[in-house]
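Below is one structure, written out as structure tokens; comments come after it.
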Amino acid sequence: MRDHTKLRAFKLADELAVMIYEMTRNFPREEIYGLTSQMRRAAVSVPSNIVEGCARESQTEYIRFLEIAFGSLRELHYQFSLAKRLGYLQDDQATDFDARIVETEKVLGPLIRSLRNL
């Protein structure tokens, strides 16, 4: 079994999930069951799927869960851009968050590709 806590991708995704929860606290109340909920679910899905993948015995399953995590990360990236366009985020907050998403993508994507090539 792999130790997810040693993966940089997990650490970044975990920090991102916390950031999303903090950021969405300030979203309009009418979004509680809409964009707020969607973003929180996608954000939690990323580290959760990394953890689940690490618990799998086969390399194929491990990669599959990392791919699911990456899909959730891309979903979150879109939701973030939507929240930004709707005016739910301040510029400095948006810049920091966008950089964190991109950094996580740049770590998780190559990890998946390297595992596929083993």
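FYI, it's all coordinate maths here, none of it is from the lab. What you are looking at is a predicted structure, and each value in this text was computed from that prediction instead of being measured. No Cβ is skipped: glycine too gets one built from the backbone with ideal geometry, and neighbour counts run over all protein chains shown.
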Show me the helices of the chain, taken as full DSSP H stretches, that run 20 Å or more along their long axis by Cα and average 0.0 or above in Kyte-Doolittle hydropathy.
8-24, 35-55
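Between Asn117 and Glu31, what is 0.36 nm times their sequence separation minus the Cα-Cα distance? Round to one decimal in nm. Display every interim value, and only then the final one.
Numbers: separation 86, 0.36 × 86 = 30.96 nm, distance 4.18 nm.
Roughly 26.8 nm would be gained on extension.
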What is the fewest-to-most order of Glu105, Glu15 by other Cβ atoms lying within 10 Å of their Cβ?
Glu15, Glu105
Report the one residue of Leu66, Gln90, Tyr21 whose Cα lies farthest in the direction of the positive end of the charge dipole of region 4-116 (charges on C-beta: Lys and Arg +1, Asp and Glu -1; origin at the Cα centre).
Leu66
Theoretical ellipticity at 222 nm over the chain - DSSP helices of four or more residues, -39500 (n - 2.57) apiece, nearest 500
-27000 deg cm²/dmol
Given region 4-116 reduced to its alpha-carbon atoms as identical point scatterers, what log10 I(q)/I(0) does the Debye formula return at q = 0.17, 0.22 Å⁻¹?
-0.75, -1.13
Label Met1 and Asp91 with points 7 Å out from Cα along Cα→Cβ: what is the distance between them in nm?
4.8
Relative to the Cα centre, what is the charge dipole magnitude of region 1-101, using +1 at the beta carbon of each Lys and Arg, -1 at the beta carbon of each Asp and Glu, and rounding to the nearest 20 debye?
100
Of the candidates Leu86, Leu12, Leu76, which one comes out as most mobile in a Gaussian network treatment of the chain with C-alpha springs shorter than 10 Å?
Leu86
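Report the calculated FRET efficiency for Tyr78 and Ala55 (r = Cβ-Cβ distance, R0 = 35 Å), to the nearest 0.05. Walk me through the numbers before you get to the answer.
Details: r = 28 Å, r/R0 = 0.80.
Efficiency for this residue pair is about 0.80.
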